[in-house]
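One structure is given below, encoded as structure tokens.
The values are calculated or read from the model by the stated rules, or taken from the named source; none is laboratory data. Since this is a predicted model, take the numbers as computed values, not measurements. Glycine gets a Cβ as well: all are built from the backbone with ideal geometry, and neighbour counts include every protein chain shown. With ligands, DNA and RNA removed, areas are computed over all heavy atoms of the protein, side chains included. Shrake-Rupley method; radii C 1.70, N 1.55, O 1.52, S 1.80 Å.
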Amino acid sequence: MSADSRLLPSYADLSIASPAERRSFNALVDALRDAQEAVTRSRPSESAARRAAALLSEAAELLGEGVPDSEQLAGRLWDEPGRAQALAPPLYIDDVDGTSARGRVTFSRFHAGVRTVHGGALPLVFDEIMGRLATTSGKPFARTAHLTIDYRAGVPVDTEVEVFARVKRVEGRKLFLSSELCLDGTVLTECQGLWVQIREDPR
Ligand SMILES: CCCCCCCCCCCCCCCC(=O)SCCNC(=O)CCNC(=O)[C@H](O)C(C)(C)COP(=O)(O)OP(=O)(O)OC[C@H]1O[C@@H](n2cnc3c(N)ncnc32)[C@H](O)[C@@H]1OP(=O)(O)O
């Protein structure tokens, strides 16, 4: 896959892994997402639960103790939807320019509370799209300082919803952004956010 540099944050480093390593690691994270969802949906027999637990433990053992976080790939494959981490659902970012961003996401039962998406899972997506918007188009590294969420209506699982974000104004190092998650033109959840460009890049 050839990355569209317009969609990537200023700090994305695509040279951290070869194309083959990227593909195999991304497939591993996809399998982890599938396992999370399968566990959530299942009601296994005692023996099936024990067998599945043993297989998952074997996979964890195979992966070993890991590398220092500066070398990890999880969360850093910026051109992959979900950037190879399994905490947040994969966000497909379709467009980002200097002032707005647009994407799509499908939550599944792993992220559900009672029939609708859990209120703690939604900020993962807002932080992702607004964070991407705050740091693309040549903007320097910035951190999330403040988020306010309004839950207008429940977000359904297993349904693709659209996510929009925009820069409302910039005051020095402060970027004020807003974002909303919509289904068929109806706003389900909205978010106001403040990103602050840090004085010194720590990376
Ligand atoms: C899905 C999971 C995946 C996991 C896979 C991970 C994979 C890994 C990949 C790498 C990922 C990289 C992604 C990076 C993005 C983060 O890391 S975001 C993480 C969450 N955010 C944080 O941890 C931020 C913690 N806070 C801070 O670091 C500092 O407080 C900040 C936000 C940088 C600000 O610090 P500062 O520059 O010293 O700010 P300061 O000079 O005090 O204030 C500047 C201005 O901002 C205002 N301000 C500051 N904070 C606030 C606030 N909270 N409210 C209102 N105003 C504020 C001040 O009032 C001030 O305003 P003015 O007086 O200038 O008008």
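Quick notes on this structure:
- For LEU188, residues with placed amide H under 5 Å, excluding near neighbours: LEU181, CYS182, LEU183
- On a per residue basis, the convex hull of the C-alpha atoms belonging to region 88-197 measures out at 90 Å³.
- Rolling a 1.4 Å probe over the heavy atoms of the protein chains gives region 88-197 an accessible area of 46 Å² per residue.
- Overall Cα dimensions of region 14-63 - principal axes, largest extent first, Å: 45, 22, 11
- Average accessible surface for region 16-67: 77 Å² per residue, computed with a 1.4 Å probe over protein heavy atoms with every protein chain in place.
- Calculated on alpha-carbon atoms, Rg and Dmax of the chain in Å: 18.2, 60
- Sorting the segments 55-62, 181-188, 116-123 by their mean number of nearby beta carbons within 10 angstrom, highest to lowest, gives 116-123, 181-188, 55-62.
- Placed amide H near VAL155: partners under 5 Å, 5+ positions off or other chain: VAL117
- Percent accessible area from carbon and sulfur atoms, the chain, protein chains only, probe 1.4 Å: 52
- Normalising the average separation of contacting C-alpha pairs (under 8 angstrom, six or more residues apart) by the number of residues puts the relative contact order of the chain at 20 percent.
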